[in-house]
Every structure is written in structure tokens, then in C-alpha cells.
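Below is one structure, written out as C-alpha cells; the observations come after it.
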2 protein chains.
Amino acid sequence: MQLFELVQESGVPAATVKYYLREGLLPPGRKVSARVSEYDETHVRRLRLIRVLREVGGLSVAALRDIVETAEDEALTAQAMFCRTADAIAPALVARPADDGHRAEAERMAEQVVSDVGWTRVRPEAADRESLVSVLEALLGAGPLTPYPAMVRWYADQADAIARFEISMVNADQDRESLLEEMVVGSVVLGELLVVMRRLAQEHHSAERFDEGGPA
Amino acid sequence: MQLFELVQESGVPAATVKYYLREGLLPPGRKVSARVSEYDETHVRRLRLIRVLREVGGLSVAALRDIVETAEDEALTAQAMFCRTADAIAPALVARPADDGHRAEAERMAEQVVSDVGWTRVRPEAADRESLVSVLEALLGAGPLTPYPAMVRWYADQADAIARFEISMVNADQDRESLLEEMVVGSVVLGELLVVMRRLAQEHHSAERFDEGGPA
């Protein structure tokens with residue numbers, strides 16, 4: 001297919017497609033003349049993936065490049081693919097200043113909960129360990145909801161039950177590009193699904209608790 | 001306290017504090033001379049709240065203004081406060097073009113799951129209903145993980161169990177500003193805690209499933 005068909009199929013504007021081609025997020029088409037290239041289903045698929053990760057996950061071009069390189073490195077095992085994409089997805093939480101006084105406590109809490117809940121296979125260098133420290137540090141500094149070990153552990157248990165089932169459902173009998181797509185869309189978009197549904201559920205249960213006179 | 005002490009206490013730079021004062025996110029201090037104002041604990045607290053919501057939640061100034069106005073409107077009930085802040089927090093997911101062909105299906109799935117799981121108290125106009133449609137539409141369009149009713153329902157059940165317990169733990173015996181702080185920090189920062197922990201748990205369970213030869 002030509003560029004305009006690729007635009008129609010993927011829903012990504014031509015200028016953006018050209019930008020992704022220049023940035024190497026999309027492999028070049030097959031040149032059929034000096035000015036015309038042919039694209040195929042792999043381009044449509046890649047564009048759809050990039051689009052959902054940008055629109056729902058707000059991923060940066062740098063993060064997308066890491067994911068694309070992971071897709072194209074055929075030497076990686078499934079777990080290595082998982083780890084590389086996890087580190088790309090880990091949010092770039094703004095580093096909190098060291099003089100806030102909560103950094104050391106947040107680090108201790110993070111290490112403790114990962115150990116207590118039994119996540120022994122998380123790499124020491126996993127980017128999300130730092131994300132966890134940052135979130136705990138923010139909670140410790142913010143005031144209204146000071147985290148304590150049993151509360152942090154409760155969230156870890158909820159997260160563990162969800163992730164255990166999700167990973168058991170991953171279809172391992174598919175080509176590596178499909179497996180990678182399933183991993184990143186699962187991590188980013190299903191994570192957002194969970195967060196949005198949690199807020200809807202909070203509204204419902206908050207009404208049940210605080211607004212008992214309201215309409216049932 | 002004077003401005004420089006407010007900066008020290010809150011960890012927010014002076015230029016940012018002045019910007020928040022101009023934008024009305026922070027109430028003015030008490031003027032003690034033509035050039036000097038006095039600030040107090042309420043300013044420190046407000047700044048800490050704004051800071052965590054910006055750093056962890058990535059909330060816009062417009063969203064923060066909605067939250068601040070909610071805090072200052074003493075006529076609102078607890079549930080009205082909850083709903084106004086929920087709508088401020090609801091992520092501004094990029095609207096997907098109507099010609100993608102999945103909008104109607106996503107709307108049907110969203111309505112179905114909210115009804116099936118029994119979230120009868122969610123307002124028809126809640127901003128997160130639209131967030132849910134957007135996430136489902138993104139999943140339907142992305143390809144690798146097509147949502148089906150039982151899967152969507154499973155996420156709703158997980159979210160429901162989490163939110164039910166969280167709302168039951170809210171401390172209702174506190175002043176309204178504290179209650180609001182607990183609501184928004186709970187929604188934004190504990191949501192992020194859950195998402196980060198889910199990714200850590202996925203790495204662990206993925207290693208257990210796909211990398212059985214690796215270090216235990």
C-alpha cells in the first residue's frame with residue numbers, strides 16, 4: 001500500500017508517519033520508484049501500537065524507540081523483552097529533592113515490601129523499583145495519607161493477585177512481535193483500564209458511604 | 001512565616017509559589033508591609049498537596065484550580081467534593097477519531113460493565129465514564145488484546161474490591177480540607193502505587209513463567 005493508504009488504515013496523520021520513519025520508529029517501506037514506497041501490514045500494525053501507547057500511555061518518543069528496538073532484536077528471550085519494555089514504560093517520575101527527608105525511609109519501605117510479598121525475580125536494576133520509591137516518598141511528604149507497612153503490603157497483595165492472573169493469561173504461542181505487543185499493551189492500557197475503573201468504583205462506594213440519602 | 005520560609009518548608013521554588021499565588025491556587029498571605037506578606041501552615045499544606053499532584057499525577061494547573069475551588073466551597077457535601085475532584089482528576093485522554101469504527105462498541109461495553117458490576121451510584125455525567133470508553137476504544141483499535149466482556153468484567157471486579165476497601169478506610173471525622181486532601185491523594189497517588197506495584201509483580205510472575213531456568 002502507498003503512504004495515503006497507510007494513513008487511512010492506521011489513523012495516524014501523514015506528517016506523523018513521516019516523522020516516525022525519520023526517527024526509525026517505523027521501518028522504511030520498499031522503494032518502488034524515486035518518490036514512492038510501498039508499505040504493508042507490519043507498518044499498519046506498528047503504527048497502531050505506537051498510537052495507542054502515545055494516546056493512552058503518554059509514552060515519549062524515547063520510550064517508543066526502546067520498545068521498537070526490543071521488537072527488532074531477535075536475540076532477546078521473552079523475559080528479556082519483558083524487562084526492556086518494562087524499563088521503557090516505567091514513568092519518568094520527577095526526582096524529588098534529597099533534602100525532603102523522606103528518601104531513605106521510602107527506600108526502606110520499598111525494599112521491605114518487595115521482599116515481604118516475595119517478588120524475588122524483580123531485577124535489582126528494574127526501573128520500577130525507583131518508581132516505587134518515588135511514589136512512597138511522595139506519599140510520605142504529602143501528609144494526608146502517610147503510608148505504613150501494612151497498608152503498603154495490602155496494595156502489593158492486590159497488585160500481585162492481578163499480575164499473577166494477567167501473566168498466566170499471556171498467549172506464549174505467538175510470534176515475538178505479537179508477544180511484545182501483548183506485553184506492552186497489557187502493561188500500559190490494561191493498567192489504565194484498572195485505574196479508571198478504580199476511580200469509577202470509588203465514586204460508587206463513596207456515594208454509598210457518604211451520601212446515603214441520595215438516589216440508589 | 002515569610003516567603004523564603006514557605007519555600008523551605010514546602011520544597012516549592014519561590015518563582016513557582018509566586019505563580020500559584022497569581023493563579024489563585026494558593027490564597028494570598030497576610031500583608032504585614034507593602035512588600036512583605038506572612039504565610040502559615042495552611043499555605044505549606046496547600047503547596048505540598050499541589051506538589052504531589054503535579055509530580056506524581058501530572059495534573060494540569062486547570063485541574064488543580066478545580067480541586068482548590070472544591071476545597072474552598074464550604075457548601076459542598078463530602079460526596080459533591082468527591083465528584084468534583086474526580087472529574088478534575090479524570091485524565092484528559094486524547095479523543096480518538098470517530099471514523100475508527102470502535103467508538104459505538106466501546107460505549108456499549110462500558111455501559112454494560114458499569115451496569116453488571118453494580119456501580120449504580122456513578123453519575124451519568126462522570127468524566128471517568130468517558131475515560132473508560134476511551135480506554136476500551138483504544139484496546140479495540142490496538143489489536144493485540146481485544147477486550148471481551150468477561151475480561152472487562154474481571155478488571156471491574158478487581159477495581160471494585162480495591163475501591164470498596166479504600167473508601168471504607170477513609171477517615172470521615174476530619175475537617176473538610178483534610179478530607180479533600182485524603183480523597184485526591186488517595187485517588188491519584190495510591191492509584192499510581194497500585195500501577196507501579198502491578199508492573200513489579202508482572203516482572204516477577206513473568207520471570208517465573210517464561211524464564212524458569214533463571215535465578216530463583
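The values are calculated or read from the model by the stated rules, or taken from the named source; none is laboratory data. Because the structure is a prediction, the values reported are computed rather than measured. In this analysis, Cβ positions are derived from the backbone assuming ideal geometry, glycine residues included, and neighbour counts consider all displayed protein chains. We work out accessible area using only protein heavy atoms, side chains counted, and drop any ligands, DNA or RNA first. Shrake-Rupley method; radii C 1.70, N 1.55, O 1.52, S 1.80 Å.
Some values worked out for this structure:
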| read-out | value |
| --- | --- |
| Filter result (assigned to a helix (DSSP H, G or I), among the aliphatic types (A, V, I, L, M) and open to solvent by less than 70 Å² (accessible area, probe 1.4 Å)) within region B:1-53 | B:Leu3, B:Leu6, B:Val7, B:Ala14, B:Val17, B:Leu21, B:Val44, B:Leu47, B:Leu49, B:Ile50, B:Val52, B:Leu53 |
| Number of positions in region A:121-134 that are open to solvent by less than 20 Å² (accessible area, probe 1.4 Å), facing another protein chain (nearest Cβ under 8 Å) and part of a helix (DSSP H, G or I) | 4 |
| Failed criterion for A:Ala86 (all others in (1) of a type outside the set (Asp, Glu); (2) in a helix (DSSP H, G or I); (3) touching a Ser or Thr at 6+ places or on another chain (Cβ under 8 Å); (4) more than 11 Å from every other protein chain (Cβ to nearest Cβ) hold) | (4) |
| Pairs with Cβ under 8 Å, 6+ apart, first in region B:77-88 and under 19 Å from B:Ser60 (Cβ atoms), second among the hydroxyl-bearing types (Ser, Thr, Tyr) | B:Arg84/B:Thr70; B:Thr85/B:Thr70; B:Thr85/B:Ser187; B:Ala86/B:Ser187; B:Ala88/B:Thr70 |
| Tally of residues being modelled with pLDDT under 90 and acidic (Asp, Glu) across region A:50-68 | 1 |
| Residue that is nearest to the other protein chains (Cβ to nearest Cβ), among those in region A:135-154 that are surrounded by fewer than 23 Cβ atoms within 10 Å (Cβ to Cβ), in a helix (DSSP H, G or I) and not hydrophobic (A, V, I, L, M, F, W, C) | A:Gly141 |
| Residue within region B:54-62 that is in contact (Cβ under 8 Å) with a residue 40 or more places away in the chain, part of a loop (DSSP other than H, G, I, E, B), in contact with an Asp or Glu (Cβ under 8 Å, 6 or more places away or on another chain) and not acidic (Asp, Glu) present | yes |
| Per-region count, region A:155-176, residues facing chain B (nearest Cβ under 8 Å), part of a helix (DSSP H, G or I) and surrounded by 15 or more Cβ atoms within 10 Å (Cβ to Cβ) | 10 |
